[in-house]
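First the structure, in the form of structure tokens, and then the observations on it.
The values are calculated or read from the model by the stated rules, or taken from the named source; none is laboratory data. The structure presented is a predicted model; accordingly, all values stated were derived computationally and were not measured. Here the Cβ is made from the backbone with ideal geometry for all residues, glycine too, and neighbour counts use every protein chain on show.
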Amino acid sequence: MIIECKHVWDYISGYLDDSLPPETREIVQRHLDHCEICSAVLDSTHNIIILTGDDRVFELPAGFSERLHARLAREIADVSHEQRNDPAS
Ligand SMILES: [Zn+2]
């Protein structure tokens, strides 16, 4: 099963607080292993949780998720654009 980045982002909070079903977690893990963008999202999300100092609560500032997704969507568009222009890939 292959999932897209935007689906991984939906799973990241569950991934971090270990609430995903094992099979979903494995799919997300496999995606994170090869996807730099989602790894970066995981890192920054993890940092936010550390900053809040409470690992039982996962709450992003209002609008954060939308801005993050918009930025990532642009980055993904850039990446696929580069790949299209690179005959070696
Ligand atoms: Zn990804």
Can you tell me which residues in region 1-30 are within 12 Å of the ligand (Cβ to nearest atom) and either in contact with a Cys (Cβ under 6 Å, 6 or more places away or on another chain) or outside any helix (DSSP H, G or I) (or both)?
Ile2, Ile3, Glu4, Cys5, Val8
Taking region 11-47 and keeping only residues that are within 22 Å of Ala70 (Cβ to Cβ) and either assigned by TED's automatic domain parsing to the domain that holds Val79 or surrounded by fewer than 15 Cβ atoms within 10 Å (Cβ to Cβ) (or both), one is left with Glu36, Ser39, Ala40, Asp43, Ser44, His46, Asn47
List, please: which pairs have Cβ atoms under 9 Å, are six or more places apart or on different chains, and start with a residue in region 66-77 that is over 11 Å from Cys5 (Cβ atoms) and end with one that is within 12 Å of the ligand (Cβ to nearest atom) and among the β-branched types (Val, Ile, Thr)?
Leu68/Val41
